[in-house]
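What follows draws every value from the coordinates through simple rules; no lab data is involved. Owing to the predicted nature of the structure, the values given are computational and were not obtained by experimental measurement. Virtual Cβ from ideal backbone geometry, glycine too; neighbours counted across all protein chains shown.
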Amino acid sequence: MAAADNNGDNFILQVSNLTVEISNQPIINNLDFKIKRGITLAIVGPNGAGKTTLFRALLNLVPYTGKIEWSGKIKIGYVPQILSVRDIPISVKEFLALKNESEEDMKAALTSVGLEGEAVLEKSLAILSGGQMRRVLIAWAIVDNPDVLLFDEPTSGVDVDSEEAIYGMLRKLTAKNEITLLLISHDLHIVREYSDYALALNKCIVFFGESPEVMNPETQKLIYGEPICKEYGEAHV
Amino acid sequence: MSEAVLYSLVVGATVGLAAGYLGSIMVLEKMALVGDALSHVALPGLALGVLLNFNPLIGGFAFLFISAVVIWYLGRVTKLSFETLVGATFTLALAIGILLFGNNLDALEEALFGDITAVGLAEAGAAVVISIVVISLTRLIYRKIVLGLISEELATSKGISVARTNLLYLLLVSLTVAIGIQITGTLLVGFLVVTPAAAAKTVSANLSRYFKLSAIFGAVSAVSGILLSRYFNILPGPLVVISGIAIFVVVIVIRWRMKLTS
């Protein structure tokens, strides 16, 4: 499979022959890709294609075979799709302190996601709007200055205007701090607009390359269309 | 104030604090009834203590401890919830306990309803030490548990063993329930870990206020229940529960009035 960029060796992540099975069901089969530092990689595909499982493997949360190599000692910030915070009486400050207790860092993180640090810190998470909540989650992900961010559907439950604003802010943030961003998204417009590379998964079919290349109508049809693999384990495209 | 009253108040205050603090996690974990049901598991241990002439509380704690480990292990193996597993074991423990007590109805009554008058210097000292240990260890794991509640994946990705933290938590609950039995007995001790936290949650917007209020409500319920029991010369357990419920009602009314005026 083609790599994102074969010139030079500044790869922050190299994945080869990655296979993940859950309850004896193959979810990811022989996946290969590598990405450079500072890029944004979008992971797309229909439900059940293994997008979240890939994240879990990258975080070493599920057993896998094959190789996942991160370059050197890197710090990964992860924001899962589902967080149960609504029923917990917890302030924004206490939430951020679970990762980094420096109030200065908390305020800086909140400011960089477009929230007024001082005013928001003492608010309860339960009363935040969907858009504010997503911004706090992004602040939570960056508050301890990670090298890599893994985002599982960063704008789910957010209206379209806020969604664009959040992605615009993420783009600035990753460029400024040279953060490598891996994001799972169902929104193909967002993928085209805000990612450098795309990894399209559909079990036996995998596309990897520059986003406009991967997100063309033919590839989308293959990824989101009728099941195309008669037998699991067909060659990658 | 007599020494006996002083000892009982010391036990009430420290156990109430520890139970309220631990209970704040239990309510967040939506395991409110687990603490209640788990307390009944102590009954066979208490019975063995009476039958074999050793301190029944040690027997009660041993049973709670072993049950907590077994329930935790079964939870990991079967992936069944704590609630299901505790539900399955507590009625069995209750039945065995009642059988073991046999005709010794006085001892059974003491186990079920508690006997704060039996508390002496040794019991009060043990309650203080155990409560301090429980509160200190809970402080250490509080953030880990909260992160695990927000997302188990997040906690694991930060190197936290959610399973080990849960086991330690269950053991701390067992310890607290074991010493709490002296005040309210096995039937009502679950109250101490549930109601104070429920009241505190109603009026808390952040964790710090929540667990502090929960611990304070626990201590106030226990102490006022014991004082009332001295005054009316009846068992403290039901009065501890009634005091706690009174706090809960007051808190609800305050919150309701605050909503009306805001």
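Listed by chain and number, the lysines whose C-alpha is less than 27 Å from the C-alpha of B:LYS212, apart from same-chain residues fewer than 8 away, are A:LYS93, A:LYS99, A:LYS107, A:LYS123, B:LYS30, B:LYS144, B:LYS158, B:LYS201, B:LYS259.
For chain B, with the dipole built from +1 on Lys and Arg beta-carbon atoms and -1 on Asp and Glu ones, taken about the Cα centre, which of B:ILE132, B:ALA155, B:LEU188 lies farthest toward the positive end? Of the candidates, B:ALA155 comes out farthest on the positive side. When peptides B:243-250, A:43-50 are sorted by average Cβ neighbour count within 10 Å, with the highest value leading, the order is A:43-50, B:243-250. Computed about its Cα centre, the charge dipole of the protein assembly as shown is approximately 620 debye, with only Lys, Arg, Asp and Glu carrying charge at their Cβ.
Each Cα pair under 8 Å and six or more residues apart adds its separation to the average, and for the range A:25-130 the resulting relative contact order is 21 percent. Under the criterion of Cα pairs below 8 Å and six or more residues apart, the relative contact order for chain B equals 32 percent.
Name the residue farthest towards the positive end of the dipole of the protein assembly as shown from the options A:GLY131, B:ALA197, A:VAL15, assuming +1 on Cβ of Lys and Arg, -1 on Cβ of Asp and Glu, about the Cα centre. Ranked along the dipole, the leading option is B:ALA197. Residue-normalised convex hull volume from the C-alpha trace of the protein assembly as shown: 174 Å³ per residue. Inter-chain Cβ neighbour count for A:86-98, averaged per residue, equals 5 (cutoff 10 Å, partner chain atoms only). Where a ≥ b ≥ c are the square roots of the eigenvalues of the C-alpha gyration tensor, would you call the range B:3-261 rounded, which needs a/c under 1.5, or, failing that, prolate if a/b is larger than b/c, or oblate? Since a/c reaches 1.5 but b/c is at least a/b, the shape of the range B:3-261 is classed as oblate. Each Lys and Arg contributes +1 and each Asp and Glu -1, all at the Cβ; summed about the Cα centre of chain B, the dipole is approximately 1200 debye. Find out how many positive minus negative residues lie around A:THR111, taking Lys and Arg as positive, Asp and Glu as negative, among other residues whose Cβ is under 13 Å from that of A:THR111. In short, -1. Would the range A:1-160 count as rounded, prolate or oblate if I go by the C-alpha gyration tensor, calling it rounded below 1.5 in a/c and otherwise prolate when a/b exceeds b/c, oblate otherwise? In terms of gyration-tensor shape, prolate.
Say we join alpha carbon atoms closer than 10 Å with springs in a Gaussian network model of chain B; which of B:TYR21, B:TYR231, B:TYR169 then has the biggest fluctuation? Checking each option, the largest mean-square fluctuation is seen for B:TYR231.
Relative to one another, the C-alpha centroids of the range B:127-196 and the range A:60-108 are positioned 23 Å apart.
Look at the alpha carbon pairs under 8 Å that are at least 6 residues apart: their mean separation over the length of chain A gives a relative contact order of 25 percent. Let a ≥ b ≥ c be the square roots of the eigenvalues of the Cα gyration tensor of the range A:102-186; is it rounded (a/c under 1.5), or, if not, prolate (a/b larger than b/c) or oblate? Judged from the Cα gyration tensor, the range A:102-186 comes out oblate (a/c at least 1.5, b/c at or above a/b). Beyond 20 Å in Cα-Cα separation lie the following of the pairs A:LYS51/B:LYS79; A:LYS75/B:LYS79; A:LYS36/A:LYS73: A:LYS51/B:LYS79; A:LYS75/B:LYS79. Evaluated with a Cβ-only charge set (Lys, Arg +1; Asp, Glu -1), chain A carries a dipole of roughly 320 debye about its Cα centre, given to the nearest 20. Partner shielding of B:203-211 amounts to 5, given as the average count of beta-carbon atoms from other chains within 10 Å of each residue beta-carbon. Couplings for the range A:66-72, taken from phi via the Karplus curve 6.51 cos²θ - 1.76 cosθ + 1.60 with θ = phi - 60°, read x, 10, 10, 10, 8, 7, x Hz in order; Gly and Pro are left as x. Averaged over peptide B:145-152, the number of partner chain Cβ atoms lying within 10 Å of each residue's Cβ comes to 5.
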